[in-house]
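Undergrad: I have a structure here, written as structure tokens, and I will follow up with some questions on it.
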Amino acid sequence: MEQNGVETVKRTRLHEQVARTLSLQILNGDIPPDSLLPNEDALSRQFGVSKPVIREAISFMDAKGLVRARPRIGTRICAPANWVLTDPVLLKWRMEAGPEQALVDDLLELRSIIEPIAAGLAAKRATPECRAKIDRAMQAMSAGSSLEDHIAADIKFHQAIIEASGNELLISSLRPVLEHTMGTSFEHFITSFAAAKASVAFHQEVVTAIHQQDEPGAVAAMRNVIERSAADIHNAVGQHGYT
């Protein structure tokens, strides 16, 4: 909200709201690398919040590699090489700022590297409880009556596959990144309910391979799922004109 040129944030967790606004300006290039943010007094007036809120916001951004705050120097904008792109919040903000083709390709490559392996491991290691969780997600995907329902079930399906891999490092460290990657890319680029429903049969091939404990089959089936998803996403990217 703007009143007399002053942007006032009026929500809970004010520091995150301030951080998001400033971060989007950094991510879309409005505030270039190596430049300095205004001082605390100026930012406090700009957002209509206290200086402690501004300090929390700067600390929040600092942890994500967007800025570096130094005493007597100020808060300097970091180059993209310093951004912590595995941070789910930063990844979401970067997508909001307008994803470049390179970012979309990087996200798809990450999925293509990890998820087929996870599916293969799930075929070998999935417990009855894990298989049941995969089945429930698959059923929800098949029964979804809207694009929103389908996307929610699709994300749960991939989460369940990662959990069924039995690899604790994958589950604890990479699952959050993959989950947010999938959620963000699906929400931004999967806009056709018909295309989403057409993918159900390919997901079912993954489920079948896991139940049959067919590791190579699960790897191949998941790779096929991701390749089809990549084609849909690249088509959407082309329509939106991302560069």
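Undergrad: Considering only residues that are assigned to a loop (DSSP other than H, G, I, E, B) and either modelled with pLDDT under 80 or not charged (D, E, K, R) (or both), look in region 208-243 and name the one that is farthest from Glu109 (Cα to Cα).
TA: Applying the filter and picking the extreme gives Gln212.
Undergrad: So which pairs qualify, if the first residue must be in region 155-176 and at positive phi, the second must be surrounded by 17 or more Cβ atoms within 10 Å (Cβ to Cβ), the Cβ gap must be under 7 Å, and the two must be at least 6 apart or on different chains?
TA: Pairs that qualify, where the first residue is at positive phi and the partner is surrounded by 17 or more Cβ atoms within 10 Å (Cβ to Cβ), are Gly166/Leu121.
Undergrad: Contact list please: Cβ distance under 9 Å, first residue in region 79-101 and within 12 Å of Arg20 (Cα to Cα), second residue basic (Lys, Arg), pairs at least six apart or on different chains.
TA: Pairs that qualify, where the first residue is within 12 Å of Arg20 (Cα to Cα) and the partner is basic (Lys, Arg), are Val89/Arg20; Val89/Lys64; Leu90/Lys64; Trp93/Arg20; Trp93/Lys64; Glu96/Arg20.
Undergrad: Within the group Leu90, Leu103, which residue is under 17 Å from the mean Cα position of the chain (by Cα) and surrounded by 20 or more Cβ atoms within 10 Å (Cβ to Cβ)?
TA: Leu90
The values are calculated or read from the model by the stated rules, or taken from the named source; none is laboratory data. All values reported here derive from a predicted model rather than from experimental measurement. Cβ coordinates were reconstructed from backbone atoms using ideal geometry, including for glycine residues, and neighbour counts include every protein chain displayed.
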